[in-house]
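Below: the structure, in C-alpha cells.
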Amino acid sequence: MRIDSDGNMELTAEENQDLMDRLDIPESEYDDPPVEIECVGIENEVATFKATNTKTGKSVEMVFDLMDDDD
C-alpha cells in the first residue's frame, strides 16, 4: 500500500482482493465498491486504517508498516 500525492490510498492487486474478500464485497461491485477507509492511527512506524463496507457496516482493520519516501 502507498499513499499518492493527492492523499489517496493505492493498494496492490493482492491487497485489494484481500480487502474485498474480508469485507464481503461481491465481484459485481468491484468497479465501484461501497468501501470507506479512514486512518485511525499512526504510531511506532505503523499506520492503522479502518475499512468499512458502507452497505453492510462490516469493518476490518488494516495495518501497514511505514516506509521512508525515497523520491
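The values are calculated or read from the model by the stated rules, or taken from the named source; none is laboratory data. Not measured: the values here are computed from a predicted model. Surface areas here come from the heavy atoms of the whole protein model, side chains and all, with no ligands, DNA or RNA. Shrake-Rupley method; radii C 1.70, N 1.55, O 1.52, S 1.80 Å.
Assorted remarks:
- Calculated Cα extents along the principal axes in Å (choose from (i) 50, 21, 11; (ii) 37, 22, 20; (iii) 38, 30, 14), label: (ii)
- Acute angle (nearest 10 degrees) that the helix 13-22 long axis makes with the longest principal axis of the chain, alpha-carbon atoms: 50
- When the solvent-accessible area of the range 2-65 is split by element, carbon and sulfur atoms take up 42 percent of it, the probe being 1.4 Å.
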